[in-house]
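Inspection log for the structure reproduced underneath, given as structure tokens.
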Amino acid sequence: MYARNAASPERIAIGAVVLIADGTVQTSAVSVKVVPQGGVAGAGGGTIAYEEGIVHYIPTQAETNYTSFMVIAYKASCIPVAITIITSASATAGYAGLDWGVMANKTTANALTGTTIATRKKWM
């Protein structure tokens, strides 16, 4: 899961943008557009980088504050590439977490009916 609304978002490998005329992989002057779920598409405000022909993007914190968002890398006369990012309820990278603010019946206790809890023997 991708951390939602993290202060320092992780980079995203979008893919290769390819020139239609001759198949040249673009390693400069590629633009990025961010399309947030339920929001309006706009020019990416983050950092674009390239590694082995792959366009990387580090979004701004605000761009990640959605349940999901799409990132599109494009350039005139080229085939664009896109990826959809699903975010977690946590701002901590690698942690799915629960968003207790949207949990129903947060204080309800549920019986563990039919559950057995076994203890382990300690071996010396």
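Restricting attention to segment 39-92, the residues being within 17 Å of A3 (Cα to Cα) and among the aromatic types (F, W, Y) number 3.
Evaluated against (1) modelled with pLDDT of 95 or more; (2) charged (D, E, K, R); (3) more than 19 Å from Y2 (Cα to Cα), K122 falls short on exactly one condition, (1).
Each row is one residue, and each column tells you yes or no for (1) open to solvent by 50 Å² or more (accessible area, probe 1.4 Å); (2) of a type in the set (K, R); (3) part of a strand (DSSP E or B).
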site	(1), (2), (3)
I14	no, no, yes
Y50	yes, no, yes
H56	no, no, yes
E63	no, no, no
I85	no, no, yes
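The values are calculated or read from the model by the stated rules, or taken from the named source; none is laboratory data. Predicted model only: the values in this text are computed from it and were never measured. The accessibility values were calculated without ligands, DNA or RNA, using every heavy atom of the protein model including side chains. Shrake-Rupley method; radii C 1.70, N 1.55, O 1.52, S 1.80 Å.
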